[in-house]
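Colleague: Here it is, the structure in full.
Here, each number is a calculation from the coordinates, and none is a lab measurement. Everything quoted here is computed from the prediction, not taken from an experiment. Cβ placement follows ideal geometry from the backbone for every residue including glycine, while neighbour counts extend to all protein chains displayed.
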Amino acid sequence: MNDDAVKPLYYQLFLNKAKNGFIDEGLLPTKVDGSQLLSNFKTSIAVCLQLNEQDLDKLFLLLPDGNLTFPT
């Protein structure tokens, strides 16, 4: 069975060293608590989502705030 099939999508996208070439520790679920801004991780998020940073900036404008957090 494919290991990605059992991992949550968040792990497949943002914590996939094989795909992204690195893991940004600031994106670990235990660190995503709203105390950081998304813009601090723009380069890492752009790589993970396979977007350029200019396109990601456009998506950031659609968000209610710039905090790095999970919805509750």
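Colleague: Quote the relative contact order of the chain in percent (integer), defining contacts as alpha-carbon pairs under 8 Å separated by 6+ residues.
Modeller: This gives 31 percent for the chain.
Colleague: Using the Karplus equation 6.51 cos²θ - 1.76 cosθ + 1.60 (θ = phi - 60°), what ³J(HN,Hα) coupling, rounded to whole Hz, does each residue of segment 43-56 give in order, writing x for Gly and Pro?
Modeller: Values per residue, Gly and Pro as x: 5, 5, 5, 4, 4, 4, 8, 6, 10, 7, 5, 5, 5, 5 Hz.
Colleague: Name the long-range amide H neighbours of Lys7: under 5 Å, sequence gap of 5 or more, or other chain; modelled H, no Pro or chain starts.
Modeller: none
Colleague: Give, rounded to the nearest 20 debye, the magnitude of the charge dipole that the chain has about its Cα centre when Lys and Arg contribute +1 at Cβ and Asp and Glu contribute -1 at Cβ.
Modeller: The dipole magnitude comes to about 100 debye.
Colleague: Can you put Ile45, Ile23 in order, fewest other beta carbons within 10 Å first?
Modeller: Ile23, Ile45
Colleague: Percent of Cα-Cα pairs per 5 Å bin, from 0 to the last occupied bin, for the chain, please list those.
Modeller: 3, 16, 25, 25, 20, 8, 3, 1
Colleague: Give the long-range amide H neighbours of Asn67: residues separated by 5 or more places, or on another chain, with amide H under 5 Å away, using H modelled in the peptide plane at 1.01 Å from N.
Modeller: Leu38
Colleague: Taking the Cα-to-Cβ direction at Asp57 and at Lys17 and moving 7 Å from each Cα, how far apart do the two end points lie in nm?
Modeller: Result for the modelled spin labels: 3.2 nm.
Colleague: Related question: Rounded to the nearest 500 deg cm²/dmol, what is the calculated helix-only ellipticity per residue at 222 nm for the chain, with -39500 (n - 2.57) per DSSP H run of length n ≥ 4?
Modeller: -9500 deg cm²/dmol, from helical runs alone.
Colleague: If you take the charge dipole of the chain about its Cα centre, with +1 on Lys and Arg Cβ and -1 on Asp and Glu Cβ, which of Thr43, Pro29, Asn16 is farthest toward its positive end?
Modeller: Among Thr43, Pro29, Asn16, the one farthest towards the positive end of the dipole of the chain is Asn16.
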